[in-house]
Amino acid sequence: MREFKRKRVLVTGGSGFLGSHLCERLMADGHDVLCLDNFFTGTKDNIRHLLSNPLFEVIRHDVTFPLYVEPDEIYNLACPASPIHYQRDPVQTTKTSVHGAINMLGLAKRVKAKIFQASTSEVYGDPDIHPQPEGYWGRVNPVGIRACYDEGKRCAETLFFDYYRQHRLRIKVARIFNTYGPRMHPNDGRVVSNFIVQALMGEPITVYGDGSQSRSFCYVSDMIEAFVRFMDAPDTFVGPVNLGNPVEFTILELAERIIAMTGSRSTIRFKELPSDDPRQRRPDIGLARETLGWEPTVALEEGLGETIAYFDRMLGSRSPMALTQEG
Ligand SMILES: NC(=O)c1ccc[n+]([C@@H]2O[C@H](COP(=O)([O-])OP(=O)(O)OC[C@H]3O[C@@H](n4cnc5c(N)ncnc54)[C@H](O)[C@@H]3O)[C@@H](O)[C@H]2O)c1
């Protein structure tokens, strides 16, 4: 049996959607967690339940400035993730990815910590092959409005691999595909949260095009399991590795399921498809399966149930579902 070693783990972006679930999981495993956040998109509500736990500490800090602490491991998640948020201050978004990576890699080098980077499927840009394996170099517009995020994350990957080659740093680069679950932002324009909020509020659900385009979404607990397995994998496995759920469903199917599960009276409103909307987005997770023995286990219905319950609590009495429960 392997001996348990309590680790000091730094989670940047720890009060965000994925970060708060990661802090929770690491503490449940018995580790000391230092949650760093500047609360740009993260909220104190996401971590309020952790504050009284002696394994937990939180620090308000911006990753674009250096930090002097002494962790054994670093999960670098700090960066707004949805277009609405990352396009609000694009210069700061690039700085967060690039300066943030430089600062966290410098820290890892100084204290000899192992470091994980939350990269993204967006490094593939508007891909011309489906699904995308890790060896695909991507098709990104370097001067478009998404570039602050896509190119920032690509440059961060470059920095990670140069620190690995030049300084023998222990790195882990994960390319995360769409993930959903409780603590997502209610108004960040992502399809799962949008549909759930619209259904709970009894508003029409907006479907772009005819809804036959397909998507795949990974439930948050599956994603966090992958993060931890990757961090614990041998140092020789550095990635990049795709993490996501390859099970596809159509947007229309998603809308109909959410309407049924919420018992909503919402109708579906079809709108014109934006020109850059991909027909399909699905990860190739062969490498993660093979090297981490990982694949998602939470079915869409189950994950949606948890997420709907979360948004219903958040919206409180304004949602028709809450009124039905009260009445
Ligand atoms: N959720 C997804 O589907 C998804 C997909 C691909 C990649 N990712 C990556 O995973 C990470 C976490 O995403 P999320 O969905 O939890 O997003 P999120 O917006 O909920 O969390 C990001 C956190 O980083 C913090 N942050 C932003 N800029 C910062 C800065 N300069 N200094 C310190 N903290 C800062 C925010 O306040 C927030 O708490 C991001 O790096 C994102 O790019 C997420």
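Quick look at the values:
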read-out	value
Inter-label distance for Glu256 and Arg269, nm, one decimal - labels placed 7 Å from Cα along Cα-to-Cβ	2.2
Charge tally in the Cβ shell below 10 Å around Gln117, where Lys, Arg are +1 and Asp, Glu are -1, Gln117 excluded	+2
Solvent-accessible surface ranking, highest first, for Asp162, Asp45 at 1.4 angstrom	Asp45, Asp162
Of all accessible heavy-atom area on the chain, the percent that carbon and sulfur account for (1.4 Å)	52
Bins of 10 Å, starting at 0 and running to the largest distance - Cα pair percent for the range 93-166	20, 46, 27, 7, 0
Mean Cβ count within 10 Å, highest first, over the residues of peptides 188-194, 281-287, 229-235, 173-179	173-179, 281-287, 188-194, 229-235
Cβ-placed point charges (K, R +1; D, E -1), dipole of the range 132-289 about Cα centre in debye, nearest 20	220
Peptides 219-226, 197-204 ordered by average Cβ neighbours within 10 Å, highest first	219-226, 197-204
His185 - accessible surface, heavy atoms, 1.4 Å probe, Å² rounded to 10	40
Segment Ile84-Asp232, length gained on full extension (0.36 nm per residue, minus Cα span)	49.9 nm
Principal-axis tilt of helix 90-111 within the chain, Cα atoms, nearest 10 degrees	40
Helix 300-315 axis, angle to the chain major axis (alpha carbon atoms, nearest 10°)	80
Helix 191-200 axis, angle to the chain major axis (alpha carbon atoms, nearest 10°)	40
Distance histogram in 5 Å bins (all Cα pairs of the range 1-73, percent per bin)	4, 17, 31, 23, 16, 6, 2, 1, 0
Cα pair distances in the chain, grouped into 10 Å bins until the bin that holds the longest one, percent each	6, 26, 35, 24, 9, 1, 0
Per residue solvent-accessible surface (Å²) - the range 114-240, probe of 1.4 Å	38
Residue-averaged 222 nm ellipticity for the chain, from DSSP H runs of 4+ at -39500 (n - 2.57), nearest 500	-12000 deg cm²/dmol
Label-to-label distance, nm, for residues given as Ala28 and Arg289 (7 Å Cα→Cβ offset)	2.6
Environment charge of Glu290, counting only residues whose C-beta is closer than 14 Å and scoring Lys/Arg +1, Asp/Glu -1	-1
Segments 149-155, 131-137 sorted - mean Cβ within 10 Å per residue, highest first	149-155, 131-137
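The values are calculated or read from the model by the stated rules, or taken from the named source; none is laboratory data. Worth saying up front: this structure is predicted, and the values here are computed from it rather than measured. Heads up, the Cβs are rebuilt from the backbone with ideal geometry, glycines too, and the neighbour counts pull from every protein chain shown. Quick note on the areas: whole protein, heavy atoms, side chains included, nothing else; ligands and nucleic acids left out. Shrake-Rupley method; radii C 1.70, N 1.55, O 1.52, S 1.80 Å.
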